[in-house]
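The values are calculated or read from the model by the stated rules, or taken from the named source; none is laboratory data. Because the structure is predicted, anything quoted here is derived from the model rather than measured. Positions of Cβ are generated from backbone atoms using ideal geometry, with glycine treated the same way; all protein chains shown enter the neighbour counts. Only protein heavy atoms, including side chains, enter the accessible area calculation; ligands, DNA and RNA are left aside. Shrake-Rupley method; radii C 1.70, N 1.55, O 1.52, S 1.80 Å.
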Amino acid sequence: MAPVQLENHQLIPPGGSGSGSAAAPAPPPPGSAVAAAAAAASPGYRLSTLIEFLLHRAYSELLVLTDLLPRKSDVERKIEIVQFASRTRQLFVRLLALVKWANDAGKVEKCAMISSFLDQQAILFVDTADRLASLARDALVHARLPSFAIPYAIDVLTTGSYPRLPTCIRDKIIPPDPITKIEKQATLHQLNQILRHRLVTTDLPPQLANLTVANGRVKFRVEGEFEATLTVMGDDPEVPWRLLKLEILVEDKETGDGRALVHSMQIDFIHQLVQSRLFDDEKPLQDMYNCLHQATLEDMEKSVNDDMKRIIPWIQQLKFWLGQQRCKQSIKHLPTITTETLYLSNYSTHPIGNLSKNKLFIKLTRLPQYYIVVEMLEVPNKPTQLSYKYYFMSVSTPDREDSPVMALLLQQFKDNIQDLISYTKTGKQTGTGTKHKLSDDPCPVECKKAKRTGEMCAFNKVLAHFVAMCDTNMPFVGLRLELSNLEIPHQGVQVEGDGFSHAIRLLKIPPCKGVNEETQKALDRSLLDCTFRLQGRNNRTWVAELVFANCPLNGTSTREQGPSRHVYLTYENLLSEPVGGRKVVEMFLNDWSSIARLYECVLEFARSLPDIPAHLNIFSEVRVYNYRKLILCYGTTKGSSVLFDTQAPLNAINKLPTVPMLGLTQRTNTAYQCFSILPQSSTHIRLAFRNMYCIDIYCRSRGVVAIRDGAYSLFDNSKLVEGFYPAPGLKTFLNMFVDSNQDARRRSVNEDDNPPSPIGGDMMDSLISQLQPPQQQEPLTLVLHTLWCHQVDEQETGLGLLKWLDPHQQPVCLECHQPTPLYILLFQMLLIPPELAQLQLINSNEPGVIMFKTDALKCRVALSPKTNQTLQLKVTPENAGQWKPDELQVLEKFFETRVAGPPFKANTLIAFTKLLGAPTHILRDCVHIMKLELFPDQATQLKWNVQFCLTIPPSAPPIAPPGTPAVVLKSKMLFFLQLTQKTSVPPQEPVSIIVPIIYDMASGTTQQADIPRQQNSSVAAPMMVSNILKRFAEMNPPRQGECTIFAAVRDLMANLTLPPGGRP
């Protein structure tokens, strides 16, 4: 028990009892200092605390009784009361005994300390005796006298000297030789490194950031306070800093003839004080700064208090500085640049020079020729307040960037904020007013609220309103002035949208030169409204809205069916030009002239329409007329705008996709725009693919279309067009459709008419001739789609199997076969990186045939010779004894239906080629799973159908993005299967689950991959699948050279049963 302290601050020691007086204990004996200190330091409890604890406990139990007793019977209540009284009495009896015992606790404590001291002395005696006995038995048994110093005696007796004297004695008496200059420099350099290391590893105050390390010293300088030079006496991190020099920088130029304010004796005292702090403190540099900073503050306070008259100018200057900061913070979110001075060439003669020296110039960045000037003045009899005046100033445009500007207009703003708001709502102009004084309220222009932060109180709402108003209205003022200078009538600046937007409406537009008077009058009558507005983030874009009525021509577009037509003209202002300047008006007048000239042609065309024969009107129509352009279409379908020979090629090109698509390359999350159609002329179309490759298509007569690689320049075939790359394999691919007869006929005709000549850069690389009738499959669409879809960049794949297209080769004619998009797969097979597919390509002399091999198989991919509509895979094993014919047929069938079938994906091919590169026993098990997928009716005893996933499906565990190759083949094999339940209720869809399988090649075990599932997905099905596979692995241990993939999957398909109504 710990000692208890009485009310007279005496502690009751734990344990022991005795009797005697309550006098204070006598001093302990001299040898018991340690025991007395230990007893004094032991914890104790005050008697008042114990009494308080007991009272609280008795009171709390009594409250509990008052709540519980009414619910009990009379006998139970009596029992509870008796037990409470007995229990409480025992506690207070113990407390009384403790109080009586505490009166005699001093004598008991003294006896305990004496007994403890005697026990300690006895322990010391016993320990001493034990050590002496051990020394006698162990150490002194082998103790011997040292050998006589015969060598030393010989030296003394023969030479009379003692040359074996230790050198440490000589070093203490004879001073060492001074070090050289090189050694000194090396030592100082090493000391500099030690100092830098100490500074980096030390908690350095930010105020001591101004430091210099040189000559083995570090110098800290705090401007206006002190400069301290320190060093260390060794490289041990525990070596304390040593203060070498201290200089106080506090001075007063007007007192003491510029001498320092601190006496040398004071500096010595501070030096000693700081050095003592550097020895003892855990953060010496922080303590040094605190000590020196406090000393310098006291000196500065003493210097300032010596002359109170100098504080007043400082306070006045501080007041104006705070006013400037308030203005700057109030408009920091607006497009402005603030400066306290502005160099003007006419400053002395302009009224701006008569303003107070305390002013602020605010430049409007969107309107660089305009400024807002804030003048700050003192308020009489209120030294803590300022009054503000606001002026609007315009300056001239400088001839050069470094030349000064000249002030032009200076006008004071009206100061009443309520009038400004009403001006914004009504659109009335404001006149000049008197200055605005701040009232006693720190926020005079804002409504008083119960709680306001300091930042909101410092916000200058008047200035912010002036800046925002000028930034919004001045462009309209500039445009209004330009319109007035050109004598164009207008209604001035109008307010729209409940005061949130502005506009300028023109009353009449000047007539255009070169347009007859009748046309001009008709155009003026049809013009209902012309309005200028500002839009855009930086308010530098003008939009002129023209509203016309009584349009002479009605197009077929749905936008042109109303009684009125809206035309929008957009004009961008450069940063170097003023917003709303003369250039905007000139561009608008030029556009108006173009509208008038086109309108004149349209009026004449509209008058001529009734005279055109009806049979001719059937073949033409007005597609679009919006006062800026006119589009006329003609032809049988009214879809042609050039020649009939372009109809079939344009219909073919129109079927190409132009939207961005995912999954075109191995980067499944990156969208690429498939095709971009760039018309060059009526017969020349440029087709770009993924903004990397390009071909030029020329529509010729007699159903001939010429194609060339658009990456080469039209003027110099040795140069490439910037941004495009030559299409790999273009010539090789088009040669698959060469029609020798058509090519011979074309060459014979050309040679008869024109003798052979060198081929220039403008010749076509390939020609697709004799387009077939529209009712058959359009070959141009197929060739273009086949040629470009799923192209892979040579730099991305790391394999260049196709030669670059040579622009200097003789052009050829192509026979128009029925090519299908299966050529896409053919090109993909060529462009798959071998390090991904683990393939070895074999050279083939057959056109359109790809041959490759793995460790166990030789593969041949080509078009079906019967239909030319499908790709076929022919597999030949290196060792015929390891494969059965039906297994090879399943592999070929799986490639034709699952890999070469639509949709065509590069990652599907990559996953399949990875399977081909797997070891033979693993590939055979995969082929058996493919057989279950291709022929599900042959496994009627199984409860599930299986599908081999070559790419990761969206519902798979989130291990990789969907569309990624789903086969990983390293020391372990990872692949995905989709199991679909055969039996299902007719209204419901069959239950499907995705099972990630991992096969360990070293141990031969097949398990479910441990991949974290999504939070909202069920874990019942994965747990059941994992348990079935683990049970199969325990009951069927793998044997050497045997693969367990197919057996484990078949067991899973036969035994997996989901709970009724459960979903995966």
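Regarding segment 881-901, can at least one residue be identified that is more than 22 Å from Leu950 (Cα to Cα) and in a strand (DSSP E or B)? Among the residues of segment 881-901, not one is more than 22 Å from Leu950 (Cα to Cα) and in a strand (DSSP E or B), which makes the answer no. Among the residues that make up segment 181-203, is at least one of them over 30 Å from Leu285 (Cβ atoms) and over 60 Å from the mean Cα position of the chain (by Cα)? No: segment 181-203 contains no residue that is over 30 Å from Leu285 (Cβ atoms) and over 60 Å from the mean Cα position of the chain (by Cα). Looking across segment 321-333, just one residue is surrounded by 16 or more Cβ atoms within 10 Å (Cβ to Cβ) and in a loop (DSSP other than H, G, I, E, B), and that is Ile331. Looking at segment 671-684, which of its residues are farther than 12 Å from Arg708 by Cβ and at pLDDT 80 or above? Of everything in segment 671-684, those that are farther than 12 Å from Arg708 by Cβ and at pLDDT 80 or above turn out to be Phe675, Ser676, Ile677, Leu678, Pro679, Gln680. Is it fair to say Asp268 is among the acidic types (Asp, Glu), modelled with pLDDT under 85 and in a helix (DSSP H, G or I)? Answer is no for this residue. Close Cβ contacts (under 9 Å, 6 or more residues apart or on different chains) running from residues in segment 932-954 that are on the phi > 0 side of the Ramachandran plot and charged (D, E, K, R) to residues that are open to solvent by 30 Å² or more (accessible area, probe 1.4 Å) and part of a loop (DSSP other than H, G, I, E, B) are absent.
Got a sec? Which of Glu604, Glu572, Glu600, Glu621 is modelled with pLDDT of 70 or more, surrounded by 16 or more Cβ atoms within 10 Å (Cβ to Cβ) and of a type in the set (Asp, Glu)? Of the residues listed, the single one that is modelled with pLDDT of 70 or more, surrounded by 16 or more Cβ atoms within 10 Å (Cβ to Cβ) and of a type in the set (Asp, Glu) is Glu600. Among the residues of segment 962-998, those that are assigned to a loop (DSSP other than H, G, I, E, B), hydrophobic (A, V, I, L, M, F, W, C) and either open to solvent by less than 10 Å² (accessible area, probe 1.4 Å) or closer than 21 Å to Thr920 by Cα (or both) comprise Ala966, Val967.
Yes/no matrix, rows are residues, columns are (1) surrounded by 20 or more Cβ atoms within 10 Å (Cβ to Cβ); (2) modelled with pLDDT of 80 or more:
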residue: Thr876; (1), (2): no, yes
residue: Glu887; (1), (2): no, yes
residue: Glu892; (1), (2): no, yes
residue: Phe895; (1), (2): yes, yes
residue: Pro902; (1), (2): no, no
residue: Lys905; (1), (2): yes, no
residue: Phe912; (1), (2): yes, yes
residue: Leu915; (1), (2): yes, yes
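Taken as a whole, the condition of being hydrophobic (A, V, I, L, M, F, W, C) and within 20 Å of Ala1054 (Cβ to Cβ) does not apply to Leu950. Scanning segment 340-370 for residues that are assigned to a loop (DSSP other than H, G, I, E, B), basic (Lys, Arg) and surrounded by 16 or more Cβ atoms within 10 Å (Cβ to Cβ) returns a single hit, Arg366. In segment 281-320, the qualifying residues are those that are acidic (Asp, Glu) and assigned to a helix (DSSP H, G or I), and the one that is modelled with the lowest pLDDT is Asp306. The single condition among (1) small (Gly, Ala, Ser); (2) modelled with pLDDT under 75; (3) not in a loop (DSSP other than H, G, I, E, B) that Gly663 does not meet is (3). The residues of segment 371-396 that are out of contact with any strand residue (DSSP E or B) (no Cβ under 6 Å at 6 or more places or on another chain) and part of a loop (DSSP other than H, G, I, E, B), listed by number, are Pro380, Asn381. Considering only residues in segment 397-418 that are in a strand (DSSP E or B) and in contact (Cβ under 8 Å) with a residue 60 or more places away in the chain, the one that is most open to solvent (accessible area, probe 1.4 Å) turns out to be Leu410.
Scanning segment 121-176 for residues that are of a type in the set (Lys, Arg) and either touching a residue at least 24 places away in the same chain (Cβ under 8 Å) or assigned to a helix (DSSP H, G or I) (or both), which turns out most open to solvent (accessible area, probe 1.4 Å)? Even if it seems obvious, please write down each step before you answer.
First pass over segment 121-176, keeping only residues of a type in the set (Lys, Arg): 131, 137, 144, 164, 170, 172.
Filter once more, keeping what is either touching a residue at least 24 places away in the same chain (Cβ under 8 Å) or assigned to a helix (DSSP H, G or I) (or both): 131, 137, 170, 172.
Details: Arg131: 159, Arg137: 159, Arg170: 128, Lys172: 176 Å².
Filtering segment 121-176 for residues that are of a type in the set (Lys, Arg) and either touching a residue at least 24 places away in the same chain (Cβ under 8 Å) or assigned to a helix (DSSP H, G or I) (or both), the one most open to solvent (accessible area, probe 1.4 Å) comes out as Lys172.
Look at (1) closer than 24 Å to Met1001 by Cα; (2) free of Cβ contacts under 8 Å to residues at least 60 places away in the same chain; (3) part of a helix (DSSP H, G or I) and you find that Asp925 fails only one, number (2).
Selection of segment 190-223 for residues being closer than 16 Å to Tyr289 by Cα and open to solvent by less than 30 Å² (accessible area, probe 1.4 Å) yields Leu199, Pro205, Leu208, Val218, Phe220, Val222.
Looking at segment 436-451, is at least one residue modelled with pLDDT of 75 or more, part of a strand (DSSP E or B), over 42 Å from the mean Cα position of the chain (by Cα) and among the basic types (Lys, Arg)?
no
Scan segment 456-495 for residues that are open to solvent by 50 Å² or more (accessible area, probe 1.4 Å), hydrophobic (A, V, I, L, M, F, W, C) and closer than 18 Å to Leu409 by Cα and the total you get is 1. Just so you know, in segment 923-961 the residues that are closer than 17 Å to Val995 by Cβ and β-branched (Val, Ile, Thr) include one that is most open to solvent (accessible area, probe 1.4 Å), and it is Ile959.
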